[in-house]
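Single-structure report; data block below.
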Amino acid sequence: MKWSTMRLRDYVIRRIFLSIPVIIGVLAITFVLAYVVGNPLALYVDERTTPDAYAAIRLEHGLDEPIYVQFFLYLRNLFAGDWGYSNTARMDVIPTIQRYFPATIELAIVSMIIAVVIGIPLGIISATKKDKLTDHVTRVIALAGVSMPIFWFALMLKYLFYFQFFMWGLPFLPEGGRYSFIYVDYTPITNFVLLDAVLTLNGVLFFDALIHFVMPAMCLGYIFLAIITRMMRSSMLEVLKEDYITLARSKGLTERVVIYRHALRNAMIPTVTVIGLAFGGLITGAVLTETIFSWPGLGRWAVAAILTSDIPSINAFTILVAIIFVSANLIVDLIYATLDPRIRYG
Amino acid sequence: MMTMTESDNEIHDSQDEIHTLEPDVILDVRGLKTSFYTYEGVVKALDGVSVQLKKGQTLAFVGETGCGKSVTAKSIMRLVDSPGVIEAGEVVFRDRTLDKEEVISDLLKLSEDEMRHIRGNRIAIVFQDPATYPNPVFRVGDQIAEVISLHQNLAEEALVMKIDRLEETLAENPQAPNAEEIKEKISEYKSQLDDPPPPTDDDKKKVAKKKAVEMLKMVRMPSPEEIANQYPHELSGGMRQRALIAMSLSCNPQILICDEATTALDVTVQAQVLNLLNELKADFDSSIIIITHDLGVVAETCTHVAVMYAGVVVEYASTDELFSDPVHPYTSGLLRAIPKLTEKVDRLLQIKGMVPNLITPPTGCRFHPRCEFATSICSEQRPPREEVKPGHLVECFHPQGSVKGRR
Ligand SMILES: Nc1ncnc2c1ncn2[C@@H]1O[C@H](COP(=O)(O)OP(=O)(O)OP(=O)(O)O)[C@@H](O)[C@H]1O
Ligand code: SF4
Ligand SMILES: [Mg+2]
């Protein structure tokens, strides 16, 4: 018992150390983007800076130093919390992230929860009822999800639940935003609306925010639901053919135990990978969703930054996405190791 | 023609149908047909398999690859996966319940729930490949404990465990302030021993795990306590095979089916496992079915042999009888194919021809395209089952050996 938990701990530590080089690599790329490819001077000047001041700025920010020294200065600034000034947001990068990042993460998490909670059972049912009606319906739903462009689906949702429902005099869903700022009092604490609503025990805010989540989360979640369902179905079908399933049946276990105890855990292993990768993809997918549903998240900020070559903002977004990818992968590997003993001993 | 001696012990089964079994027969497979509905066509894998297993026997199924040995085993357990379908036949099983009462029933007619009670409990199977059969994500001990707690009540064992534990605490510290309480508790538990209350899930799990370790000990697993806490991939092939055998024996089954259980093992381990099986058979008062390619194994460990060819049991006899007087042309071909150390042969003898395609099997006797004694009737009619000598059954129009030319 003890021995194997120790193995698990060692594995976790090893795995965390392995992700450090990845982050450093991403930092190097962002550095190259800002300081090597472009003219780093551009980061510190605006229309009102006179050319006479250039030399002083170069000296102040160490721009005359050799590249590797500049890289260390860059890293030092990042770790000291100096991520530069965002022209698009008209404030420093760090407070900008603090404002927008929670909105994106919250949307991604809610969408992911929807996708996982519905997608996994749907995949299991589809696999166990293979070639029956349930399976066909599920497969069509999943196929639609993976082949539909996200912006089209978003617009359709909006057309139906906002415009048409409004026209028909039905209760309609809000068109965009995170909460009804006209009706509801909200002073952000963590900037996670749902979390803040729970912390302040504000039921009205909670349900208002939840209603605002419906369309964007449905839109973003559906695609991942489709991916998860398909993956779950195919890995479940694969696992159900395995010899250990025959063994489990030969023991006299009920079909329910065979599927949910013996097959599910094995079938989850490839599905977890997909969920992890999808979570990284969610952040990118959020860009489109956020634009359509006026969601004040990172996505809209990033789009604006890219359009105006706002290098500090682009770098910040890149680093954040990289960190999310790496953490998602780390979490996947940890879940992996708890699911599959062969990995933590490998 | 062989006719079943209809015996007196007719017992009604749950389906109110009367099944008869000769005394001592514990499993009677009659006319079992199993087909696989594949895209290429219907694979008629079993075409009326009939065979009997008596109490205390070790019966071998032998035959070329693809002749339906594994499908027979799986059909008996009703474990044929789709696209396989058991289409006809009876698998009559004499079930010995705890109070020594006997229930005779056709396994193919039981409900899925009743069948589950048989699987792993009354009839257990050890599969061919120890590498792929244990579930990779569960500890060996837990996988064995699972089948134990599924089929056994464990009430008494749980109570005994509790008493033991209390007595231990008492022995360690007899002057404990709550010693009186503990003593009272012990006598309370002891009074319940005749009619133990159902154990809690937690107690049951602990007892089952303990029994799993005992089972591992019984199959001579080195350091069973440690192995019980390990995962299948940490074990060697032979150890895994032992673990699977321990699992299948853990509910004291009346029939143990070993589907090439030893093929994957090297020769010394193989011999160990086979000896173990025969020892355990005596300990547990069970019968064994061994499926194998290895006629050496058959000669050493089995009391009876059923020779299969293309989904049919073509010959059945005691091992000595079959080896000394093979009657079916296929059997003699099979026996001639074993190299003998004493004879010098240039080339190993083989049975000419190929195993037939079971989607369009040969008409009549399925062996006729390869048989040197075939006549026109062989391709027209299926040979009936005949008892050529007492206890020696064959399906052939022109039996050879000592009964040659009798008809
Ligand atoms: N799932 C399946 N689908 C289609 N045909 C099958 C399936 N399983 C078995 N069969 C067919 O049934 C026949 C008997 O197979 P079986 O596995 O019983 O052979 P076997 O005697 O156990 O051979 P071996 O000695 O190689 O294990 C074969 O011809 C095989 O093609
Ligand atoms: S029945 Fe005919 S073909 Fe079949 S084994 Fe006997 S002699 Fe050969
Ligand atoms: Mg086989």
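Overview of values
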{"quantity": "Surface share of carbon and sulfur [accessible, 1.4 angstrom probe, percent] for chain A", "calculated": "69 percent"}
{"quantity": "Vicinal HN-Hα couplings computed from phi for the stretch B:131-148 (Karplus, 6.51 cos²θ - 1.76 cosθ + 1.60; Hz; Gly/Pro x)", "calculated": "6, 9, 7, x, 6, x, 9, 10, 5, 3, x, 5, 5, 6, 4, 4, 6, 5"}
{"quantity": "Bridge type composition, the protein assembly as shown - antiparallel percent by DSSP, nearest 5", "calculated": "70 percent"}
{"quantity": "Residue A:136 accessible area, assembled protein chains, probe 1.4 Å, Å²", "calculated": "90 Å²"}
{"quantity": "Interface residues in the stretch B:221-250 - accessible area drops by 20 Å² or more relative to the isolated chain, probe 1.4 Å", "calculated": "B:229, B:231, B:233, B:234, B:247"}
{"quantity": "Karplus-derived HN-Hα couplings along the stretch A:334-342 (A = 6.51, B = -1.76, C = 1.60, θ = phi - 60°), whole Hz, x at Gly and Pro", "calculated": "5, 4, 3, 5, 6, 6, 10, x, 5"}
{"quantity": "Given charges at beta-carbon only (K, R positive; D, E negative), |dipole| of the protein assembly as shown in Debye", "calculated": "1680 debye"}
{"quantity": "Projected area, mean over directions - chain B, Cα convex hull, nm²", "calculated": "24.7 nm²"}
{"quantity": "Residue B:282-residue B:117 FRET efficiency (beta carbon distance; Förster radius 25 Å; 0.05 resolution)", "calculated": "0.50"}
{"quantity": "Spin-label model distance (nm) - residue B:355 vs residue A:64, 7 Å beyond Cα toward Cβ", "calculated": "8.5 nm"}
{"quantity": "Selection from A:101, A:67, A:79 lying farthest towards where the dipole of the stretch A:52-103 points positive, charges on Cβ", "calculated": "A:101"}
{"quantity": "Computed E for residue B:54/residue B:389 - FRET, C-beta separation, R0 22 angstrom, nearest 0.05", "calculated": "0.80"}
{"quantity": "Shielding by partners, peptide B:126-135 (average Cβ within 10 angstrom, other chains)", "calculated": "4"}
{"quantity": "Kirkwood hydrodynamic radius of the stretch A:265-346, Cα pairs, Å", "calculated": "14.3 Å"}
{"quantity": "Projected-area average for the stretch A:75-149 over all orientations - Cα convex hull basis, square nanometres", "calculated": "7.9 nm²"}
{"quantity": "5 angstrom amide H check on residue B:54, placed H, neighbours 5+ away", "calculated": "B:26"}
{"quantity": "Viscosity 0.692 mPa s, 37 °C: Kirkwood-radius Stokes-Einstein D of the protein assembly as shown over Cα pairs, µm²/s", "calculated": "102 µm²/s"}
{"quantity": "Total accessible area lost when A and B pair, probe 1.4 Å, Å² to nearest 100", "calculated": "2400 Å²"}
{"quantity": "Excluding exposed DSSP-loop GluC sites (Glu not before Pro) (at most 15 other C-beta within 10 Å), longest clean stretch of chain A", "calculated": "A:176-346"}
{"quantity": "Cα centroid of the stretch A:96-127 to Cα centroid of the stretch B:132-199, whole Å", "calculated": "45 Å"}
{"quantity": "Dipole in debye (nearest 20) - the stretch A:18-100, about Cα centre, beta carbon charges: Lys, Arg +1; Asp, Glu -1", "calculated": "280 debye"}
{"quantity": "FRET efficiency for residue B:187 and residue B:153, using Cβ-Cβ distance with R0 set to 25 Å, rounded to 0.05", "calculated": "0.60"}
{"quantity": "Loop chymotrypsin sites (Phe, Trp or Tyr not before Pro), the stretch A:242-346 (other Cβ atoms within 10 Å of the site Cβ: 15 or fewer; DSSP)", "calculated": "A:345"}
{"quantity": "Accessible surface of residue A:83 - all protein chains present, 1.4 Å probe, nearest 10 Å²", "calculated": "60 Å²"}
{"quantity": "Under-5 Å amide H pairs with residue B:125, H placed in peptide plane, nonlocal only", "calculated": "B:120, B:257"}
{"quantity": "Within the stretch B:155-198: Cβ-based charge dipole about Cα centre, in debye rounded to nearest 20 (Lys, Arg +1; Asp, Glu -1)", "calculated": "100 debye"}
{"quantity": "Lysines whose Cα lies under 29 Å from that of residue B:183, excluding same-chain neighbours fewer than 8 positions away", "calculated": "B:162, B:204, B:205, B:206, B:209, B:210, B:211"}
{"quantity": "J(HN,Hα) series, the stretch A:224-236, from Karplus relation 6.51 cos²θ - 1.76 cosθ + 1.60, nearest Hz, glycine and proline x", "calculated": "6, 4, 4, 5, 5, 4, 4, 5, 4, 4, 5, 6, 5"}
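The values are calculated or read from the model by the stated rules, or taken from the named source; none is laboratory data. Everything numeric here is computed off the predicted structure, so don't read it as measured data. Neighbour counts are summed over all protein chains in view; Cβ atoms, including those assigned to glycine, are modelled from backbone coordinates with ideal geometry. Note: areas computed on protein heavy atoms with side chains; ligands, DNA, RNA excluded. Shrake-Rupley method; radii C 1.70, N 1.55, O 1.52, S 1.80 Å.
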